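Data block below; observations after.
The values are calculated or read from the model by the stated rules, or taken from the named source; none is laboratory data. On a predicted model such as this, the values are computed, not experimentally measured, just so you know. With ideal geometry, Cβ positions are generated from the backbone for all residues, glycine too; neighbour counts draw on all protein chains shown. For accessibility, only protein heavy atoms count, side chains too; no ligands or nucleic acids. Shrake-Rupley method; radii C 1.70, N 1.55, O 1.52, S 1.80 Å.
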Amino acid sequence: MGALRSRDFWSGAAFVAIGAWFLWRGQDYRFGSAAAMGPGYFPVLIALVLAMVGLIILFKSLRSHAAAIERPVLRPLVFVLAAIVVFALSIERFGLVPATIAAIVVASPASREFRWSETIALAVGMAAFAALVFIYALSQNMPLARF
Amino acid sequence: MESMSALAGGFSAAFGIYNLLFCLLGCLLGTLIGVLPGIGPLATIAMLLPITFAMDPLTSLIMLAGIYYGAQYGGSTTAILLNLPGETSSVVTCLDGYEMAKRGRAGAALAIAALSSFFAGCVATLFIALLAPSLAAFSMQVRSPEYVVLIALGLVASVVLSRGSPLKAVAMALLGLLLGTLGTDVTSGETRFVENILPLYDGLSFVALALGLFGLAELLSNLEHPEARGTLVGRITRLWPSLDDFRQAWKAVLRGTGLGSVMGLLPGSGAAVASFTSYVVEKRFAHDPSRFGYGAVEGVAGPEAANNAAAQTSFIPLLMLGIPGTATMALMMGALMMQGIAPGSAIVTTNPTLFWGLIASMWIGNLMLLVINLPMIGLWVKMLSVPYRILFPSILLFSCIGVYSLNSSSFDVWMLAVFAAAGYALRKLDCDAAPLLIAFILGPLLEEHLRRALVISRGSPMIFIERPIALGLIICVVALIGLIILPSFRAKREEAFHE
């Protein structure tokens with residue numbers, strides 16, 4: 001039972017899975033020989049070794065008491081990832097200023113200490129700062145705001 | 001003496017008004033993020049990479065380098081005053097620096113740290129200038145077989161110096177190599193592992209990878225474990241150290257400088273390892289080792305000199321051989337490649353202004369840092385009162401803008417979210433992401449040189465043993481692998497990461 005909570009068990013399993021995926025997809029590319037490597041040669045070999053190292057990690061974790069995975073805290077993870085996604089969705093459609101405000105407002109509740117008044121002030125301040133720095137000073141190619 | 005005149009040329013380039021300005025900007029930013037816990041030079045450099053795209057290559061490198069060594073200064077300030085290492089390289093400074101501060105000698109500790117760093121910076125600049133010609137001659141001998149072994153050396157070193165289980169570090173490096181193959185294969189023109197996702201044809205976004213795995217994963221774990229901040233000890237009254245301090249410190253500074261300069265050259269080590277080694281050495285050399293941990297001046301002077309010297313010389317393997325030793329150097333390499341400059345043997349001869357300009361700017365930057373840090377120390381400490389709940393949304397925002405502006409691609413921002421989640425998972429699984437990043441950068445080079453070397457030898461692996469330089473390097477690789485397996489070294493390594 002302990003294995004299912006162990007860090008090493010899951011990292012080993014993940015390495016095996018990733019290695020296996022690359023091995024499988026790598027079959028589509030010509031392998032070639034050492035003297036004339038095809039596009040499949042290098043990745044397939046590396047994937048094979050990765051899967052094997054993953055297996056060793058996995059088996060070692062079954063035999064010894066590996067440290068358990070620390071419980072993830074969902075609050076920061078959810079808000080931070082959501083903020084990135086919101087930015088990705090809004091930057092082209094609405095422009096830098098709306099994307100900045102949206103990202104800051106969505107990200108802020110990730111911290112337990114968050115306060116609405118501060119967040120709004122930060123969002124407005126950052127929107128002005130980002131517009132000044134990225135659009136006016138650095139003339140980056142992105143829209144300021146569009147609706 | 002030829003290199004001295006080249007160095008002079010570098011100085012005149014670095015003294016250009018634009019370069020001076022960006023050097024100052026880099027140093028200020030570096031000090032700031034060094035002081036602030038929760039954001040390191042790696043994330044900052046990744047955020048600023050897109051902006052540097054529009055700059056002159058020398059100017060951008062000068063600024064990025066300024067951030068890197070500026071962070072070493074800033075990190076030691078908080079280490080001394082708050083027992084809070086801003087950066088990993090200043091962890092050992094906490095041991096004696098904070099003790100000195102508790103005894104009312106904060107000013108002396110800060111001054112000793114800054115002066116030893118400055119001294120080490122000056123010596124490292126000279127060291128590089130003297131060493132460059134012979135290193136350039138050596139790097140001219142480096143062909144595909146040697147590159148393969150050198151890259152292998154870099155990868156093995158990154159595994160040796162990573163945190164946690166070496167086996168997992170090996171797996172992370174292999175994973176990095178695999179991720180590096182995504183996209184269009186340069187030799188055959190075939191696209192690999194892209195699954196018909198169009199934006200992946202150019203490969204994974206390096207900046208999204210670095211920012212997600214390091215910057216944002218760090219941010220997430222900071223939010224999970226709200227940091228208990230130390231309390232500021234007393235007021236800083238006397239800044240200048242006493243004559244006694246100087247007498248005790250100068251030998252430690254010399255040893256630290258020498259140690260740091262050499263360790264920076266080795267692939268994989270970098271500033272953090274150098275400062276730790278220096279602390280251990282000082283403790284061994286001391287007449288009375290029991291003073292260490294209770295405010296010994298040498299315990300501040302040695303490591304501070306070592307980390308600054310190493311920060312500077314670690315540019316050498318990157319610039320001369322194109323092999324980044326640490327994750328931060330891998331980012332610098334990314335910055336150069338974005339500018340269309342391939343770091344490697346030819347850079348000193350084809351682009352001497354870039355090479356020497358950067359070296360000269362480091363000396364100038366160190367001087368600036370001395371001025372920035374000592375009189376303005378109060379200002380930097382005030383920065384610490386900015387609460388993290390305001391800091392982290394801003395870091396997150398600049399990461400998004402940075403990743404987006406590089407290719408004007410919102411797909412890359414999606415990838416940032418993916419890598420942030422992956423980096424978070426890797427932390428939970430106790431897998432160090434540094435080998436992955438280094439392998440990701442080196443992977444395509446490794447594949448290309450491996451192909452070339454084996455074409456030359458018609459597929460025989462003997463080519464790596466027949467050439468003397470390659471053979472010598474292989475012996476280094478084997479020795480390093482031997483070190484990982486050796487139990488006593490493993491114990492030391494654990495100890496090093498614990499302290």
TODO: Take the alpha carbon gyration tensor of the protein assembly as shown, find the square roots of its eigenvalues, order them as a ≥ b ≥ c, and report rounded if a/c is under 1.5; if not, report prolate when a/b exceeds b/c, else oblate.
DONE: rounded
Task: Spacing of the two label points (7 Å from each Cα toward its C-beta) at A:Ser117 and A:Met52, in nm - done: 6.4 nm
TODO: Please list, in chain and number order, the residues 5+ apart from B:Thr184 or on another chain whose amide H is under 5 Å from its amide H, with Hs placed from the backbone.
DONE: B:Arg192, B:Gly203
TODO: With runs of 4+ DSSP H residues as the only contributors, calculate the mean residue ellipticity of chain B at 222 nm using -39,500 (n - 2.57) per run, divided by the residue total and rounded to the nearest 500.
DONE: -23500 deg cm²/dmol
TODO: Could you tell me what fraction of 2.2 N^0.38 Å the Cα radius of gyration of the range B:318-387 comes to, as a two-decimal ratio?
DONE: 1.50
TODO: Could you tell me the distance between the Cα centroids of the range A:92-131 and the range A:26-76, to the nearest Å?
DONE: 39 Å
TODO: Specify the inter-centroid distance of the range B:49-102 and the range B:399-418, based on alpha-carbon positions, in whole Å.
DONE: 26 Å
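With a 1.4 Å probe and all protein chains left in place, how much of the accessible area of chain B comes from carbon and sulfur atoms, in whole percent?
Details: 12350 of 18230 Å².
So the carbon and sulfur contribution to the accessible surface is 68 percent.
Other chains' Cβ within 10 Å of B:386-392 residues: what's the mean? Show your work: numbers first, answer last.
Numbers: counts 0, 3, 2, 11, 12, 2, 6.
What the average comes to for B:386-392 is 5.
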Open item on the list: Shape verdict for the range A:1-139, please, from the Cα gyration tensor: rounded (a/c under 1.5), prolate (a/b greater than b/c) or oblate.
Closed with: oblate
Task: With Cα atoms, 0 to 90° folded angle of helix B:468-485 axis to chain B main axis - done: 60 degrees
Open item on the list: With the crude spin-label approximation of a point 7 Å out along Cα→Cβ, what separation in nm comes out for A:Leu4 versus B:Asp288?
Closed with: 6.0 nm
Task: Space enclosed by the convex hull of the alpha-carbon atoms of the range A:2-63, per residue, Å³ - done: 58 Å³
TODO: Calculate, for B:Leu367 and B:Asp56, the FRET efficiency according to 1/(1 + (r/R0)^6) with r their C-beta to C-beta distance and R0 22 Å; round to the nearest 0.05.
DONE: 0.50
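Sorted by mean Cβ packing within 10 Å, highest first, what order do the peptides B:173-179, A:88-94 take?
Details: B:173-179: 26.4, A:88-94: 18.0.
So the peptides B:173-179, A:88-94, ranked by packing, come out B:173-179, A:88-94.
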Open item on the list: Which one, A:Ile56, A:Val85, B:Met462, projects farthest toward the positive side of the charge dipole computed for the protein assembly as shown from Cβ point charges (K/R +1, D/E -1)?
Closed with: A:Ile56
Open item on the list: If I fit a long axis through the Cα atoms of helix B:297-313 and take the longest principal axis of the Cα atoms of chain B, what angle between them do I get, 0 to 90°, rounded to 10?
Closed with: 30 degrees
Open item on the list: Taking every alpha carbon pair in the range B:2-498, what does the distance histogram look like in 20 angstrom bins from 0, in percent?
Closed with: 24, 59, 17, 1
- [ ] Kindly compute the accessible surface that chains B and A hide from a 1.4 Å probe when together, both sides summed, and give it to the nearest 100 Å².
- [x] 5700 Å²
- [ ] With everything on Cα atoms, drop me the angle between helix B:410-428 and the longest principal axis of chain B, reported from 0 to 90° to the nearest 10.
- [x] 60 degrees
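Counting only other residues whose beta carbon sits under 12 Å from that of A:Leu58, what net charge do I get with K and R as +1, D and E as -1? Please report the intermediate quantities before stating the final value.
Details: positive: A:Arg7, A:Lys60, A:Arg63, B:Lys168; negative: A:Asp8.
My count for the surroundings of A:Leu58 gives +3.
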- [ ] Taking the Cβ of B:Phe398 as the centre, find all other residues whose Cβ is under 15 Å away and add up their charges (Lys, Arg: +1; Asp, Glu: -1).
- [x] -2
- [ ] Would you calculate a helix-derived [θ] at 222 nm for chain A, using -39,500 (n - 2.57) for each DSSP H run of n ≥ 4 and dividing by the full residue count, to the nearest 500?
- [x] -20500 deg cm²/dmol
Task: Spacing of the two label points (7 Å from each Cα toward its C-beta) at B:Ile465 and B:Gln141, in nm - done: 2.0 nm
Task: Per residue solvent-accessible surface (Å²) - chain B, probe of 1.4 Å - done: 37 Å²
TODO: With all protein chains present, calculate the accessible area of B:Glu282 using a 1.4 Å probe and round the result to the nearest 10 Å².
DONE: 0 Å²
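Leaving out ligands and nucleic acids, and using a 1.4 Å probe, what accessible area per residue does the range A:2-63 come to in Å²?
Details: 3120 Å² over 62 residues.
Per-residue accessible area for the range A:2-63 comes out at 50 Å².
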Task: Between the range B:422-487 and the range B:128-142, the Cα center-to-center distance that results, in Å - done: 22 Å
- [ ] Work out the mean other chain Cβ neighbour count within 10 Å for the residues of A:15-23 and drop it here as an integer.
- [x] 3
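Hey, can you list the DSSP H helices of chain A whose Cα span along the axis is 18 Å or longer and whose average Kyte-Doolittle score is at least -1.0? The partial results should precede the final answer.
Values: long enough: A:7-25 (27 Å, 0.59); A:41-63 (34 Å, 2.07); A:74-94 (29 Å, 1.90); A:116-130 (21 Å, 1.33).
What comes out of the filter, once short or polar helices are dropped, is A:7-25, A:41-63, A:74-94, A:116-130.
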Open item on the list: Among A:Pro39, A:Gly26, A:Val124, which residue has its Cα furthest toward the positive end of the charge dipole of chain A, with +1 on Lys/Arg Cβ and -1 on Asp/Glu Cβ?
Closed with: A:Gly26
TODO: Ignore the peptide's own chain and count Cβ atoms of other chains within 10 Å of each Cβ in B:207-220; give me the average, rounded.
DONE: 1
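Is the shape of the range A:74-137 rounded, prolate or oblate, going by the alpha carbon gyration tensor and its root eigenvalues a ≥ b ≥ c, with a/c under 1.5 for rounded and a/b larger than b/c for prolate?
Working: a/c = 2.74, a/b = 1.41, b/c = 1.94.
Oblate is the answer for the range A:74-137, as a/c is 1.5 or above yet b/c matches or exceeds a/b.
Quick one: putting +1 on the C-beta of Lys and Arg, -1 on the C-beta of Asp and Glu, what dipole do you get for the protein assembly as shown around its Cα centre, in Debye to the nearest 20?
Numbers: 39 positive and 34 negative charges, 193 e Å.
Value, rounded to 20: 920 debye.
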Task: Net dipole in debye of the range A:2-63 [+1 Lys, Arg Cβ; -1 Asp, Glu Cβ; about Cα centre; nearest 20] - done: 200 debye
TODO: Could you tally the net charge around B:Asp202, taking each other residue with its Cβ under 15 Å from the Cβ of B:Asp202, Lys/Arg +1 and Asp/Glu -1?
DONE: -3
